[in-house]
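Here's the structure, in C-alpha cells; my notes come after.
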Amino acid sequence: MRTRLSTRVRPCVVALSTLMVATFVAGCGQSGGSSGGSSADDSKTLVVATHDSWAMSGDVLAAFRKKTGITVKVQPQGDAGQLTNKLVLTKDSPLADGVYGIDNTFASRAVDEGVLSPYATTALPRSAAAFRLQGDGADQLTPVDYSDVCVNVDDTWFAAKGIPAPRTLDDLTKPAYKGLFVTPGATTSSPGLAFLLATIAAKGDGWRDYWTRLMANGTKITSGWSDAYEVDFTAGGGKGDRPAVTSYSSSPPFTIPEGKTQPTTHALLDTCFRQVEYAGVLKGSKNPTGMQEFIDFMLGRQFQAALPDNMYVYPVDTSVRLPESWAKFAKASPKPYSVAPSEVTRNRTEWLREWRDITSQ
Amino acid sequence: MTSLRSRAGTAALAAVPLLALAVFFLYPVGGMLARGFWPEGSFAPGRVLEVLARPRVHRVLWFTLWSAAAATAVAIVTGVPVAFALHRLRFPGRDLVRALVVVPFVLPTVVVGVAFRQLIAPSGPLGRLGLDGTATAIVAALVFFNVSVVVRTVGSFWEAIDPRREEAAAALGASPAQVFRTVTLPALLPGIVSAASVVFLFCATSFGVVLTMGGLRYANVETEIYLLTTQELDLTGAAALSVLQVLVISALLALSARVRRSVVPVDRTTKRVPRPRRAHLPVLAWTAAVVVFLMAPLASLVVASLRRGESWGLQNYRALGTTGERNALLVPATQGLANSLQVALVASLLALSLGAAVAFLVSRPGGGRPTAVLDGLFMLPLGVSAVTVGFGFLITLDRPPLDLRTSPMLIPIAQAMVALPLVVRTVGPVLRSVDDRQRQAASSLGAGPLRVLLTVDLPVAWRSLLAAAGFAFAVSLGEFGATSFLARDDRPTLPVVIYRLIGHPGAENFGMAMAASVVLAATTAAVMFAVQRLRVGSMGAF
C-alpha cells in the first residue's frame, strides 16, 4: 500500500505545483504592469506615502508630470498615526520616496525616530512661516496645509427645539446640553485626538476633570469620525439624534441642502484645535530630488488652490483665494488651540491611557 | 525503501503549502513578535511579562473571553434550529435562504458596523431598545456574523444522520424529545462542538465589530493589539498579547480536533428530505425570525443606498461610475469592483491550489499525528491578529527576493492565507470519505496514479473543489482586515473604496458608500447562491 501511495502522490505533486506556478504567473502577468516603487527608471516615478484623506484632481498631478516628467504614485497608508508608525517600522527599507500627511500631533515621533532627511525648500510662501514646525526637525518637515478640528452644531435642530446652540467647550458640560454631543475617540481617530488636545490646551491639568464632567453629561464616543458624523450627528447621512459633533471648520458647506444657499450647521470657532500637515523626504528615498521638486510643487499656487476642494483643508499660502462657499461658511478659527508637537510626543501615551480610563467603564 | 519514497512524495506535496504558510504567514508574524521581544536590539522577555501583569490587560482578556463565549452560546442556540430547517426540510426558496444566511459572514465589518448602528442608534428603528454602545450590541453583532457558521456546520452533520435510525427509535416508542436526546444529539455533538470552537475563534479575534459597536468603551485582545501597534507603537505590548492569542487559539484548535476526529460529516447519497409538517411550524417560525434578524441590517443598507439627503432614487448607484463628491476616491467605485473581482479570482485560485494540496494530505488514511498538526497549522491564520500579519508583511517582505510590498500579488496572497483554512475544511472531509479500497482496487486493475486521482478522487471531490473556490472567492471579496493594513496602491478593492467613501464628508459620498455596500452584498450572495446549487454536503464545515 505504501508503494501505491507513493506512486500516486508524485504526479499530484507535479499537477498541483504546476497549477500553483501557473496561478502565480497568471496573477503577476495580469497586473504586473502596475507594479510601483522600484521601477528601472527611479527618477521618473515618485512614490508618496499619504494618509487616507488624500484626494487630488488628475489635472493638478498631470501639470506636475508635464513640468518635471515625474509620475507621482500615491500610497494611502491609514490615518496620520498609522502612516507615521508604518514609516517608523519600515525606516530601514522605506515604503516610499516621500511622505505627505504627517500632522503636528505625530511630527515629533517621525523626527525623533529619524525617518526623514532634511530639505530646506526655497518655495515656502511667506504666510507659511507661521505653520513651520518649531525646534528639532524644522528642516525635515515642510508645512503644506492646515485644518481646524472644531465642534459642529446643527442649527436647524437647535432652532426647532428653541434652545440656543452651545458656543464653548464649557457649554458642552452644561445640563441644558446633556446627551447632545458625540465625538470620535482620541485613541482611534485623528480628529478625536485633536479634540482631546484642544481640551488639554484649554484646560491645562484640569482636562481630566473636564472630561469627567463631559462624560457625566452624556457624551457619546465612537471609534471613528464617520461613525460620529454619519450615524449619530443629526445633520449627517444617518440622521442621528445628537446635534453637536467633533468635525472640521470646513464641514458646514457640506450641509447646504440641494437648491439652498445656506448650510444647516456651523462650527464653534472657540473650540478648535489646529492641525498642520507636513510633507517630507524619506531617509533612504530612491528619488530624493523628485520628492523635493514635489514639495516645491505642493507649495505652488495651483496645488495650494486645489487643496480646499479636494481635501477640505486650508492652504498654508493664505494669499490663495478660497472657494466662495468656504469664504462664507468655512472660516478658520481666529484663535485655535495648539499643543507643542514635542510635548504631544512626550505625553501622548500617558494622556491616552488616562483618557481611556476616564471614558471607558 | 518504498516507505522512504512514499514519505518523500508526501513531503514534496506538503512542501509547497508549508513554504507558502511559512513565508506569507509565520515569517511576517514572527518578524512583528521579534520587534516586541527585542525592543532595543536585546532580548527582553521580562518586559513582555510585565505587560501581562497590567490590570488593563486583564480587563481586556476577561472581556474577550466572556464576549466570545456569550456570542458562541447564543449563535449555537440560534443556529441549530435553523440548521434543521435548512438541511432536513425541503421547501420552496430554501436554496435562496441558505445563500442569504451566509452573506453576513463574508460582509466587511466596516459596512455592517455602520448598518447595524443605524438600526440600533437611538434615532434608528430599534433605538428604543437602548442597545447602542452596550456589550449586548457587540454580542448581537458577533452572533449576526457567525450564525451562518453554525447553520452550515451543524446542518452538514444533520444531513449525514441516517433518518432510519431516528425512525427506528420512534417506532420503538421513543417520544420526539427522547429521539432527539438519545439519537440525534449524540450524532450532532461533534458538529456542534466544532462549530462552537470556530465561532469562538472568530469572536475572540473580531476587530471591527468591537471597535465600531463598542464605541471604545470595550476592548478585546484584537482591538488592543490594533491600538498598541497603530497608535502607541508599543510593540512589546502588542507582541505579548499576540503570543497570548496564539496560545489560546492553539489550545482551542487542539481541543476541537480531538472531538472532530470521531465523526466525519459527509453525505454523498442524495436522499430526499421531507416537506415540512405542522409539527415543524415552531422551527420554521424560528428560522424566519433569524432570517429577519440577519436581513435587517442589510435592509437598512438598501434603504440608505436609495436616499440622498431628502431625495430618493437610484442616483447613488449611478454615481458609482465616478470618483465621488470632490474626488473622494482615487479611482471610480466601479473600478474598485473590477479590482475586487480580479483580486478575488487570483486569491481563490491560490487558496484552492494550496488548500487542495493540504486537504489531500490530511485526508490520507493513517496520517496520525503529523496530519493533525498540519491540519491545525493551516487553521492558525484564522486566529492571529490581522494587524500583526499586515504590519509583519510590511517589515519582513521588504527585500529581494521577497520584495512584495509594492507587488500587486501582495493582497491576493494575504487573502489566500485567510481563505486557505476554509478550503481545507471544505475539501478535506470529502476526500476523507473516499474508501481507500476503491483506490487500491483501481490501482490493482492497472490504473496509473494520475488515472486513480482522476477516476476515483476527482468525481467525488470536484463539487467540493468548486464550492471551496466559490467560498474563497466570496471571503476574498469581503476581506478588509488584512487588506486595509497593507500598502494600497491605486488599485483599491471594493471594501477599501467603501471605507474611503464613508470616511469623507458629503451626502453623495455616504450614499455611494451605501450603494457600493449593497453591490458587494449582492455579488457575494450571487456567488454563494451559485455555490449552493452545487449541493456540497460539507460546505464550509469545520
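When the square roots of the Cα gyration tensor eigenvalues are ordered a ≥ b ≥ c, the ratio a/c for the protein assembly as shown is 1.5 or more and a/b exceeds b/c, which makes its shape prolate. Cα centroid distance between segment A:187-230 and segment B:464-509, in Å? So the two Cα centres are separated by 30 Å.
If R₀ is 60 angstrom, what is the calculated FRET efficiency for the pair B:Val303 and B:Leu445, using the beta carbon separation as r and rounding to 0.05?
Working: r = 62 Å, r/R0 = 1.04.
With R0 = 60 Å, the Cβ-Cβ based efficiency is 0.45.
Straight Cα distances below 19 angstrom link A:Lys174 to the aspartates and glutamates A:Asp154, A:Asp155, A:Asp209, A:Asp241, A:Asp270, with same-chain residues fewer than 8 positions distant left out. Computing FRET efficiency as 1/(1 + (r/R0)^6) for B:Ser123 and A:Asp139, where r is the C-beta to C-beta distance and R0 is 35 Å, gives about 0.10. Extending 7 Å from Cα along the Cβ direction at A:Glu258 and again at A:Lys67 yields two label points whose distance is 3.8 nm. Net charge within 12 Å of B:Ala99 by Cβ-Cβ distance, Lys/Arg positive one each and Asp/Glu negative one each, not counting B:Ala99 itself? Combined, the nearby Lys, Arg, Asp and Glu give +3.
Distance between the modelled labels on A:Ala176 and B:Thr322, one decimal in nanometres: 4.1 nm (7 Å Cα→Cβ projection). Taking a straight line from the alpha carbon of A:Lys66, these aspartates and glutamates sit under 14 Å away, with near neighbours fewer than eight places off in the same chain left out: A:Glu293.
Straight-distance candidates among the lysines for linking to A:Lys91, with alpha-carbon spacing under 22 Å and chain neighbours fewer than 8 residues away dropped: A:Lys73, A:Lys283, A:Lys286.
Close amide-amide hydrogen proximity is noted between A:Thr71 and A:Thr45, A:Leu46, each under 5 Å apart and 5 or more residues distant or on a separate chain (H modeled in the peptide plane; Pro and chain starts excluded).
Of all DSSP beta bridges confined to the protein assembly as shown, the antiparallel ones make up roughly 60%. For the residues of A:75-85, the average number of beta carbons from a partner chain within 10 Å of their own beta carbon is 5. Of the trypsin sites (Lys or Arg not before Pro) found in segment A:126-173, those in coil by DSSP whose Cβ has at most 15 other Cβ atoms within 10 Å are A:Arg132, A:Arg167. Qualifying trypsin sites (Lys or Arg not before Pro) in segment B:435-533, where qualification requires a DSSP coil assignment and no more than 16 other C-beta atoms within 10 Å, are lacking entirely.
Can you give the average number of partner chain beta-carbon atoms within 10 Å of each beta-carbon in peptide A:217-224, as a whole number?
That average works out to 5.
Counting, for every residue in B:221-231, the Cβ atoms of other protein chains within 10 Å of its Cβ and taking the mean gives 4. Over chain A, DSSP H runs of length four or greater, each weighted -39,500 (n - 2.57), average out per residue to a 222 nm ellipticity of -12000 deg cm²/dmol. In chain A, what percentage of the DSSP-assigned beta bridges are antiparallel, given to the nearest 5? So the antiparallel bridges in chain A amount to around 60 percent. Under 1.5 on a/c is rounded, so check that first for segment B:1-136, then, if it is not, pick prolate when a/b is larger than b/c and oblate when it is not; a ≥ b ≥ c are the square roots of the alpha carbon gyration tensor eigenvalues. Since a/c reaches 1.5 but b/c is at least a/b, the shape of segment B:1-136 is classed as oblate. Rounded, prolate or oblate: which fits segment B:365-481, taking a ≥ b ≥ c as square roots of the Cα gyration tensor eigenvalues, rounded meaning a/c under 1.5, else prolate when a/b beats b/c? Note, shape of segment B:365-481 comes out prolate. FRET efficiency for the pair A:Thr122 and A:Lys44, taken as 1/(1 + (r/R0)^6) with r the Cβ-Cβ distance and R0 = 30 Å, rounds to 0.80.
Every number here is computed from the coordinates shown, using simple stated rules; none is lab data. Since we're looking at a predicted model, the values are computed, not measured. For neighbour counting, all protein chains shown are included, and Cβ atoms are generated from backbone atoms with ideal geometry for every residue, glycine included.
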